[in-house]
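Comments concern the structure below.
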Amino acid sequence: MGKKLQAPRGTYDVLPDDAVRRDHVEATARRILGAAGYRRIETPTFEATELFARGVGASTDIVQKEMYTFEDGGGRSVTLRPEGTAPVARAYLEHGMQKLPQPVKLWYLSSFYRYERAQAGRYRQFWQVGAEAIGSADPAVDAESILLLAELLESLGVRDVRLRLGSLGTPKTRAAYRELLQRYLRDHEDQLSEEVRARIDLNPLRAFDADHPGTKAVMEGAPRLLDHLSAEDLDHFAEVRALLDGADLAYEVDKTLVRGLDYYARTLFEFTSDALGAQSGVGGGGRYDGLIEQIGGPSTPGIGWAAGIERILLAAGEEPVPAPLLDLYVAYAAPEGRATGFELCWEARRAGLSAQFELAGRSLKGQLKQADRSGARFVAIVGPDGATLKDMETGEQDELEPGRVIPVVLKKGKTLA
Ligand code: HAM
């Protein structure tokens with residue numbers, strides 16, 4: 001026997017009780033997003049590396065440090081998807097969805113992969129539920145998208161949620177602001193961390209994200225993008241806010257909000273939960289009006305978000321998982337009853353009941369104990385001369401032909417349900 005093997009660091013197994021909770025998240029997402037016209041999409045687990053380099057941005061942490069990239073047997077560079085927006089945008093383009101009525105609303109619930117420092121709430125394989133609305137720049141799409149995530153988190157019982165909202169303007173305003181910020185950073189270069197200094201040219205906005213005390217102090221006085229938006233961008237942002245106000249959704253305008261993906265333009269938002277530790281971001285997103293062009297398509301607006309399933313579950317707290325229902329447990333009193341019992345169990349399933357058969361060669365006493373542990377409502381003990389049906393709720397017992405077991409269970413089960 002070799003060394004006992006374990007799941008890789010930063011990954012975990014979804015055990016049956018966890019799967020029940022995840023099913024609930026999925027069903028809730030399907031209900032809420034489906035009611036708003038979102039339809040499910042699933043893209044491949046891996047994509048051409050270039051999609052993320054161009055879509056997410058070559059200067060982001062994701063692309064620089066966190067991707068699982070490898071060469072396949074044919075010598076192509078492929079990457080396990082670190083996020084879902086670039087793949088969905090690729091699919092929109094590849095399948096000519098610009099010909100459909102716009103916006104096209106798509107949602108997904110999939111696994112994603114980032115080589116990050118693993119800790120509570122941060123994994124190397126994690127799951128996101130996400131929603132993208134592509135093809136309209138109308139601020140109502142932004143407001144609807146944000147409200148849907150708010151509703152999803154509320155319906156799932158995510159505690160202590162806060163919403164931060166910002167706007168990045170269009171690439172043009174951003175370019176002008178970037179220069180302004182770069183000038184400011186250069187003027188204070190000696191107080192900045194090495195990492196931020198090295199990125200002044202590539203990605204000066206990320207300086208707002210830094211933990212380094214000197215950098216933080218410099219950033220307190222830095223010019224804010226929100227104060228340098230164009231009149232059009234400001235109007236767009238004002239309309240998004242007015243719609244959210246109308247819907248009574250509380251938020252805080254955050255002038256320093258930055259997110260680790262390069263495709264954002266205009267509206268940007270993040271939901272945090274104070275019930276989480278250091279990894280407090282439960283979901284976030286924004287507008288990505290330049291993304292489709294970036295990956296080779298025509299200029300097309302889009303907005304969306306993604307929320308981490310693990311963080312949703314962590315922030316929602318543990319709800320008791322209901323025991324799975326079992327209508328019928330089929331036991332056998334003697335080896336002669338085995339074949340009849342096996343058949344009876346299958347027939348019960350065909351009749352729409354949940355049924356289990358003794359599979360571990362237990363004694364009759366052991367079988368009855370197992371039936372009790374499984375929470376079976378009825379137990380049928382099949383013997384050479386017929387069957388005994390026991391109602392576990394009332395203790396009532398009937399001797400009957402094996403062929404009568406299913407009709408009786410169906411009838412009694414119905415009257416008592
Ligand atoms: P993101 O902020 O990188 O955005 O990820 C969204 C959510 O995924 C986070 O708020 C967090 O809950 C979860 N998450 C991210 N990384 C991890 C991790 N390593 N372990 C556990 N959970 C994690 C995006 O991915 C964008 N595609 C969102 C978007 C959609 N923007 C527009 N459309």
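Every read-out reported here was derived from the displayed coordinates using simple, explicitly stated rules and does not represent laboratory data. In this text, all values refer to a predicted model and were calculated from it rather than measured experimentally. Note that we place each Cβ from the backbone using ideal geometry, even for glycine, and neighbour counts take in every protein chain shown.
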(request) Only Lys, Arg, Asp and Glu count, each charged at its Cβ (+1, +1, -1, -1), so figure out the dipole size of the chain about its Cα centre, rounded to 20 debye. (result) 820 debye
(message) List the trypsin sites (Lys or Arg not before Pro) within region 290-392 that DSSP assigns to loop and that have no more than 15 neighbouring Cβ atoms inside 10 Å.
(response) Arg362
(request) Find, among the trypsin sites (Lys or Arg not before Pro) in region 54-125, those assigned to loop by DSSP (not H, G, I, E, B) with at most 10 other beta-carbon atoms within 10 angstrom. (result) Arg117
(request) Go ahead and set up a Gaussian network model of the chain, Cα springs under 10 Å, then flag whichever of Pro171, Pro301, Pro384 fluctuates most. (result) Pro384
(request) Report, ordered by chain and residue number, the aspartates and glutamates lying within cross-link reach of Lys172, taken as a straight Cα distance under 13 Å and ignoring same-chain residues fewer than 8 apart. (result) Glu232, Asp233, Asp289
(request) With r as the distance between the Cβ atoms of Glu318 and Arg338 and R0 = 45 Å, compute the FRET efficiency 1/(1 + (r/R0)^6) and round to 0.05. (result) 0.65
(message) Within 10 Å of each candidate Cβ there may be at most 12 other Cβ atoms; applying that plus a DSSP loop requirement, which trypsin sites (Lys or Arg not before Pro) in region 1-37 survive?
(response) Lys3, Lys4, Arg9
(request) With springs only between Cα atoms under 10 Å apart, run a GNM on the chain and tell me which of Ala376, Ala175, Ala207 wobbles the most. (result) Ala376
(request) Mind giving me the nanometre distance, one decimal, between the label points for Arg373 and Asp227, set 7 Å out from Cα along Cα→Cβ? (result) 6.8 nm
